[in-house]
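The values are calculated or read from the model by the stated rules, or taken from the named source; none is laboratory data. Just so we're clear, the structure is a prediction, and the values are computed from it rather than from any experiment. Positions of Cβ are backbone-derived with ideal geometry, glycine not excepted, and every protein chain shown enters the neighbour counts. Accessible surface is based on the protein model in full, side chains and every heavy atom, while ligands, DNA and RNA are left aside. Shrake-Rupley method; radii C 1.70, N 1.55, O 1.52, S 1.80 Å.
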Amino acid sequence: MSAYDPFSASNISDLVRANLIDGQVRVVTHEGVQKEFKESFTWGSIGLYARTMAAFANARGGYLIFGVTDRPRIATGLSVRSQTAFDELDRARLTSGLNELFSPEIHWDSSLYRIHGVTLGLIYVFESDNKPVIARKASQAQNANLLEGDILYRYNSRTERAKFPELKRIIDDAKSREQKSMMRHIEELVRAGASNAAVLDFSASTLQGPTGERVLVSQELLDKISFIREGEFTEVEGAPTLRLIGDVVPTNTITLGNERVVMHAMTTEDVISDFLDQTHGGDPREYIRQAASGSTSFVPMHFYRVAAQMTVAGLIDYVSDINTRSQAKAKLLSRLRAGETMKVPAPSRSQQHLSTVMRRSFYERLLNGDVPSVPFADASEAKSFMDAIRSLDDALIVDQHEQLIEILKHCFEQYYGSAGPIADSIRRAACRIDEALYGATEPPE
């Protein structure tokens, strides 16, 4: 919302001038360029209101005033039904309706106003900073009377399609604003220096640097960004205002030919999820860095090591040089240096504990090439399957890895966030598959 307060005492003191005569509140104020009276407020006439609101936005802004009759102009106030509808005005619903009919967005606010004991409803429309506001489609619903491409304008007390002089002035003003905006950008470019500046193009979702290299910015990231509109200093409904320093910090990218897609800040879950998808976004060393800096050392590592063309010795050196206080780094280095395997012995036949019996059942099925279908009955059953994977030989995992990874992906999506034990089993099973597929692989000399 603009810093301008349309409902301050100074702004509405003369908005509706009226005299109390014979028990009636007779309005002496006339409709005009910035005022229009309505007897009542009803959702059935939203199209008509939207038409007037677009005209106000293209002119100098203005008020829709509900609760005043026409000829004679008497402030009867909102009926109980109308006041209830106005009190419960669904801002999101009205804004959505306006956005369906017009572009760019119409900014507005609402309030109640008491005069001589009667209550009026007020909707104030701010003058648009991005004229012209144009009808996106034809609509006759709710008295809108719109044709696609209509540009409405407020003439004295009438709403009409813009005539040539006003339309030319709107277009000339838009050109002037564009030129001023361009000059501000150029001034900032000169101040920062061309070699230190980049251009974020929202229409193309790209960030282009001084060398000409383009970075494709994901829509997920763009959706988190909204700038304060010129002349506005408070947060509006919708996306949160961007704090220019330290709000959104992408740490990895996906290479697409000569372009890259900026992703969100990486997490341990990303390291596991991308391994299960057998992909990596950008530099695989960033996944290794996250693994060493995260909350657990039990994450797939060799897949990213091979992608980064590192030897195991090179991986140890790289992890050793990572500056982090996380205990995961020390544990990861200990496992790598000792050559520890994630493989565990086959489940015992002699023990009859339920979890052991279930794990043994899955293990024997996998030995016979019988990979179970999903979903599992519950998290406990899924955990037993994850644990059974760790007892398989490398050759069997390699032979069945596509099916195993698909089951692991299902369990990750279904159970990873639900409980610690199943999450740990999923991580260790992923490590075992990673070890079997890539542990012995070394990059070419």
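Once backbone amide H atoms are built at 1.01 Å from N, residue 155 has 160 as its partners under 5 Å, excluding neighbours fewer than 5 places away on the same chain.
Neighbours of residue 45, meaning other residues whose beta-carbon lies under 11 angstrom from its beta-carbon, give a summed charge of +1 when Lys and Arg score +1 and Asp and Glu score -1. Taking the empirical scaling 2.2 N^0.38 Å for compact globular proteins as reference, region 300-363 has a Cα radius of gyration ratio of 1.60. Accessible surface area normalised per residue over region 145-205 is 72 Å², counting heavy atoms of protein chains with a 1.4 Å rolling probe. Rolling a 1.4 Å probe across the protein heavy atoms gives region 1-121 an accessible surface of 47 Å² per residue. Taken about its Cα centre, region 381-445 carries a charge dipole of about 380 debye when Lys and Arg each add +1 at the Cβ and Asp and Glu each add -1 at the Cβ. Ranked by the mean number of other Cβ atoms within 10 Å of their residues, highest first, the peptides 407-418, 17-28, 294-305 come out as 294-305, 407-418, 17-28. Judged by the mean number of other Cβ atoms found within 10 Å, the most tightly packed of the peptides 352-364, 181-193, 378-390 leads the ranking 378-390, 352-364, 181-193.
In terms of the mean number of neighbouring beta-carbon atoms within 10 Å, the peptides 66-73, 33-40 order highest first as 33-40, 66-73.
Considering the convex hull of the alpha carbon atoms of region 90-165, report its projected area averaged over all viewing directions, in nm², one decimal.
6.5
The charge dipole of region 1-135, taken about its Cα centre with unit charges on the Cβ atoms of Lys, Arg (+1), Asp and Glu (-1) only, comes to about 320 debye.
Treating the Cα atoms of region 297-445 as identical point scatterers in vacuum, please give the log10 of the normalised Debye intensity I(q)/I(0) at q = 0.08, 0.12 Å⁻¹, two decimals. Treating every Cα as an identical point scatterer, log10 I(q)/I(0) equals -0.24, -0.54. Across the accessible surface of region 94-195, with the other protein chains kept in place and a 1.4 Å probe, carbon and sulfur atoms take up 52 percent. Basic side chains Lys and Arg get +1 at the Cβ, acidic Asp and Glu get -1 at the Cβ, and with that the dipole of region 291-352 about its Cα centre reaches some 220 debye.
Per-residue extension of 0.36 nm, minus the Cα-Cα distance of residue 60 and residue 84, leaves a gain of 5.7 nm for this segment. Filter the cross-link list 137/180; 38/168; 38/175; 35/168 down to pairs whose alpha-carbon distance in this structure exceeds 29 Å. As for pairs spanning more than 29 Å Cα to Cα, those are 137/180; 38/168; 38/175.
With just the Cα atoms defining each centre, how far is region 273-338 from region 122-188? Give it in Å. For region 273-338 versus region 122-188, the Cα centre distance is 55 Å. Taking a quarter of the surface of the Cα convex hull of region 40-199 gives a mean projected area of 12.3 nm². Karplus-derived 3J(HN,Hα) values for region 395-410, using 6.51 cos²θ - 1.76 cosθ + 1.60 with θ = phi - 60°, are 4, 5, 5, 4, 5, 10, 4, 5, 5, 5, 5, 4, 5, 5, 4, 4 Hz; glycine and proline are entered as x.
Put simply, the amide H of residue 39, placed in the peptide plane, has neighbours under 5 Å in 67, 68, leaving out anything fewer than 5 places away on its chain. Each residue of region 75-90 was assigned a 3J(HN,Hα) from its phi angle through the Karplus expression (A = 6.51, B = -1.76, C = 1.60, θ = phi - 60°), giving 7, 7, x, 6, 5, 4, 5, 5, 5, 4, 4, 6, 4, 9, 3, 7 Hz with x at Gly and Pro. Distances between placed amide hydrogens fall under 5 Å for residue 115 paired with 120, all partners being 5 or more residues away or on another chain. Of the solvent-accessible surface of region 284-439, computed with a 1.4 Å probe and all protein chains present, 46% belongs to carbon and sulfur.
Within the shell defined by Cβ-Cβ distances under 13 Å, the residues around residue 290 carry a net charge of -2, with Lys and Arg each +1 and Asp and Glu each -1.
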